[in-house]
């Protein structure tokens, strides 16, 4: 089995074993394979570490939009589904802040899902709890592409 992959079954075309990237696998460009985006059905990649500091929802969008890293400039705040993929694969991806316990603190991660003019969805990575909260509070951030 090639490094950084998992067995996916036999190829329908060749009948030979096929492999897909394993969540948490480092790509040659330095990004980390996070899984499949439920929004696009395509591979989802993330940065190997959280964005430095914590951000309001608006600051999170600006940070990801202006991020040029690992040879890419198409980073974005994850959708709620993409955030769920990161959460499900957090042990393989690594480096997430799982210490948060309070709303609006590091350990909560922003999603791009706006609930109202004042609120957006975030997810706590210590236990998976997610809810909408004030976009002016600060949270952790991990951009995806």
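Side notes on the structure shown:
- Hits in the stretch 115-129 - residues which are surrounded by fewer than 19 Cβ atoms within 10 Å (Cβ to Cβ) and within 17 Å of the chain's Cα centre (by Cα): 126, 127, 128, 129
- The residue that is nearest to residue 93 (Cα to Cα), among those in the stretch 31-51 that are in contact with a strand residue (DSSP E or B) (Cβ under 8 Å, 6 or more places away or on another chain), outside any strand (DSSP E or B) and in contact (Cβ under 8 Å) with a residue 12 or more places away in the chain, is 48.
- Scope the stretch 117-144; condition out of contact with any helix residue (DSSP H, G or I) (no Cβ under 9 Å at 6 or more places or on another chain), part of a loop (DSSP other than H, G, I, E, B) and under 23 Å from residue 38 (Cα atoms); matching residues: 126, 127, 129
- Identity of the residue in the stretch 54-75, touching a residue at least 12 places away in the same chain (Cβ under 8 Å) and assigned to a loop (DSSP other than H, G, I, E, B), that ends up surrounded by the fewest Cβ atoms within 10 Å (Cβ to Cβ): 71
- Per-region count, the stretch 1-29, residues surrounded by 11 or more Cβ atoms within 10 Å (Cβ to Cβ), modelled with pLDDT of 85 or more and either in contact with a helix residue (DSSP H, G or I) (Cβ under 6 Å, 6 or more places away or on another chain) or farther than 23 Å from residue 140 by Cβ (or both): 2
- Odd one out for residue 85, checked against (1) crowded, with 16+ Cβ neighbours inside 10 Å; (2) within 16 Å of the chain's Cα centre (by Cα); (3) in a loop (DSSP other than H, G, I, E, B): (3)
- Within the stretch 30-49, if we keep just the residues that are crowded, with 19+ Cβ neighbours inside 10 Å and on the phi < 0 side of the Ramachandran plot, the residue that is farthest from the chain's Cα centre (by Cα) turns out to be 31.
- Checklist (1) in contact with a strand residue (DSSP E or B) (Cβ under 6 Å, 6 or more places away or on another chain); (2) assigned to a helix (DSSP H, G or I); (3) in contact (Cβ under 8 Å) with a residue 60 or more places away in the chain applied to residue 92, failing item: (1)
The values are calculated or read from the model by the stated rules, or taken from the named source; none is laboratory data. Everything quoted here is computed from the prediction, not taken from an experiment. Positions of Cβ are generated from backbone atoms using ideal geometry, with glycine treated the same way; all protein chains shown enter the neighbour counts.
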